[in-house]
Amino acid sequence: MTNILFDALLRGHSANPAPFLETDDGAILTYAEFVTLVAKTANVLVAAGLKPGDRVVVQAPKLAQTLALYGATLQAGGVYLPLNTAYTADEMQYFIGDATPSVIVCETASVDALSTVAETCGARILTLDANDRGSLTEQIANAPDTFQTVPRGPEDLAALLYTSGTTGRSKGAMLTHGNILSNAEVLTDLWQIANQDRLIHALPIFHTHGLFVAMNTAMIAGAQVRLMQKFDVDTVLSNLPEATLMMGVPTFYTRLLSDPRFTKQACTNMRLFTSGSAPLLAETHIEFEQRTGHRILERYGMTETNMNTSNPYSGERRAGTVGFPLPGTDIRITAPNSTETVLGGEVGMIEVSGPNVFAGYWRMPEKTAEELREDGFFITGDLGLVDTDGYVHIVGRQKDLIISGGYNIYPKEIEAVLNDIEGVQETAAFGVPHADFGESVVAAVVLESGAEVPESVFADTVAKKLARFKHPRRYELLPELPRNTMGKVQKNLLRDRFST
Ligand code: MLC
Ligand code: AMP
């Protein structure tokens, strides 16, 4: 019996002695050792109560063991649900309550905050700390090192990745084995990833980019991965000479360019730099080529759809574009609120269909129906056009979303927290240009007449509820918010006024 994603990623590596993961402490795990670690981990998850189809919530440091949790969940037929390590207890409680996992893996320091919600949904908590210790590691030491892989087909769920809503609550995007595998195979082939590759992996492993795009393609190809705790210019520079491949968000590349040690000589072995998750400025693309001789390959994706488009590996990588639809993926550009496609070259809504497109939102059929059309096209919320040469350009976003350093921040979430503060009448969160993160968050606040609220109250309240990367970096007190004749807040005016 087959388990299509697990088989493609790991089955062929059970006796592969080649190095797979090299961590910051210099430790190297071979593919064969990793497959054994995955099997042991799967035994622990099953002993903790995991059954096929159950969710495994993971909020854990970036370790080889954390990646083994991903492999083990797949092998045991579970649904992997990774969460940002920056999320607060409030945020975590929502995700756990919504996903009702049977196993939660978190750091020891988070156990108290999560135990009530875990109990409510009947989940067992296992711990995994940054030093690779905790109850998970202890149980793995005594676990059997083989595991009978649970069969899974293309329609079975493999992962649940939360993405915030432009209105209301975060939604879990249901990704099937077929979605994830098809996309990983296409990218491995298109970008010619092979076992001679050595990948600089500085992305977090709780999002599509670092987990699926980077790790799945590496595993399919049998490539080596230099797994870095986080993006750090010094660590990347010292590892560049042996590397062939790097995947990053634009902030990685602007930070590298601001260091004079980042030169053509530093990249002599490099074969490919890819960028995505946020717009790469054409000027960064051009400066990068002048400095290194490499043209960054920009691609476009999202949590619900995996990757949609990519600039070519061999043809022209065009600055300011995200390239062509991936093989098997269709892109259409539609007129506002319709399925009619616009005339060639005109701007409209980017819609995507193909085997990469998710199966819908977890337990939210109405939201699924709003965004996933009956003919299989997903309404991305991104505005774009296809030029006469077939390159897709993203020109804006219809969805109210801020992308900061590659992380998505939904203004609605910030506004809801601020609006609850006593004395606050209304608020509007919006993004302004930021040299390092691309965009950063500003909140405009209107107080009730006569109310006085010190700024520290805004910052403290937000800090209790929301992950640090979502916090407004500035608060602006206004007598009222600018609105159009329909009463809608004109965030573009706020953006223009406060972009300095
Ligand atoms: C960290 N901080 C951020 C931030 N990251 N604030 C806003 N936006 C971010 N992205 C906070 C820190 O908590 C810190 O708070 C302060 O900002 C400065 O931290 P730093 O040391 O400069 O940040 P650093 O740790 O270096 O992180 C920056 C980063 C990281 C860009 C390296 O954010 C990152 O790895 N981003 C990648 C995100 C990603 O993988 N996205 C893919 C999503 S998938 P304080 O308290 O010190 O002020 C997707 C689909 C697709 O979108 O197409 O790929
Ligand atoms: P997420 O929901 O976190 O997966 O983020 C997906 C969003 O990131 C997309 O809908 C786009 O708005 C944005 N995005 C991803 N890649 C690119 C890119 N190359 N250029 C511009 N925006 C991008």
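The values are calculated or read from the model by the stated rules, or taken from the named source; none is laboratory data. Here the structure is a predicted model, which is why all the values come from computation and not from measurement. When we count neighbours, we look across all protein chains shown, and the Cβ atoms used for this are built from the backbone with ideal geometry, even at glycine. These accessible areas exclude ligands, DNA and RNA; they are computed on the full protein's heavy atoms, side chains included. Shrake-Rupley method; radii C 1.70, N 1.55, O 1.52, S 1.80 Å.
For residue 324, the amide hydrogen comes within under 5 Å of the amide hydrogens of 310, 311, 392, counting only partners 5 or more places away or on other chains and with H modelled in the peptide plane.
Here the Karplus curve 6.51 cos²θ - 1.76 cosθ + 1.60, taken at θ = phi - 60°, turns the phi angles of the range 411-417 into couplings of x, 3, 5, 5, 4, 4, 5 Hz, with x standing for Gly and Pro. Taking all Cα pairs closer than 8 Å and separated by 6 or more residues, the relative contact order of the chain comes to 11 percent. Computing FRET efficiency as 1/(1 + (r/R0)^6) for residue 343 and residue 108, where r is the C-beta to C-beta distance and R0 is 45 Å, gives about 0.15.
Sort 492-500, 466-474 by the packing proxy (mean of other Cβ within 10 Å over each peptide's residues), most packed first. Write down the numbers at each step before the final one.
On the way: 492-500: 13.4, 466-474: 17.9.
Those peptides, ordered most packed to least, come out 466-474, 492-500.
Evaluated with a Cβ-only charge set (Lys, Arg +1; Asp, Glu -1), the chain carries a dipole of roughly 520 debye about its Cα centre, given to the nearest 20. For residue 426, the amide hydrogen comes within under 5 Å of the amide hydrogens of 446, counting only partners 5 or more places away or on other chains and with H modelled in the peptide plane. Phi angles across the range 132-138 convert, under the Karplus curve 6.51 cos²θ - 1.76 cosθ + 1.60 with θ = phi - 60°, into 3J(HN,Hα) values of 6, 10, x, 5, 4, 4, 4 Hz, Gly and Pro given as x. Our note on the geometry: Cα centres of the range 285-318 and the range 340-408, 19 Å apart. Protein heavy-atom accessible surface, 1.4 Å probe, per residue over the range 160-206: 29 Å².
Could you give the length gained by full extension between residue 486 and residue 399, i.e. 0.36 nm per residue of separation minus their alpha carbon distance, to one decimal place? Could the numbers behind the result be given before it?
On the way: separation 87, 0.36 × 87 = 31.32 nm, distance 1.78 nm.
Between residue 486 and residue 399, full extension yields 29.5 nm more.
Over the chain, dividing the summed -39,500 (n - 2.57) contributions of all DSSP H runs of at least 4 residues by the number of residues returns a 222 nm mean residue ellipticity of -8500 deg cm²/dmol.
Just the number, please: carbon plus sulfur as a percent of the accessible area of the chain, 1.4 Å probe, no ligands or DNA/RNA counted.
On the way: 10450 of 20480 Å².
Answer for the chain is 51 percent, counting heavy atoms of protein chains only.
Using 0.36 nm per residue and subtracting the Cα-Cα separation, the extra length available between residue 363 and residue 235 on full extension is 41.9 nm.
Just reorder 448, 155, 289 by solvent-accessible area, largest first, 1.4 Å probe, all chains present. Could you put the intermediate results ahead of the total?
On the way: 448 90, 155 150, 289 70 Å².
Ranked from most to least accessible, the order is 155, 448, 289.
The slack in the chain from residue 434 to residue 195, taken as 0.36 nm per residue of separation less the alpha-carbon distance, amounts to 82.3 nm.
Taking θ as phi - 60° and the Karplus parameters 6.51, -1.76 and 1.60, the scalar couplings of the range 394-400 work out to 9, 10, x, 9, 7, 6, 7 Hz in sequence order, x denoting glycine and proline.
A Förster radius of 51 Å, combined with the Cβ-Cβ distance separating residue 476 from residue 121, puts the computed FRET efficiency at roughly 0.80. The amide H of residue 24, built 1.01 Å from its N in the peptide plane, has 229 as neighbours under 5 Å, considering only residues 5 or more places off or on other chains.
First measure r as the distance between the Cβ atoms of residue 18 and residue 259, then evaluate 1/(1 + (r/R0)^6) with R0 = 25 Å and state the FRET efficiency to the nearest 0.05. Working shown, then result.
Values: r = 32 Å, r/R0 = 1.26.
After rounding, the FRET efficiency stands at 0.20.
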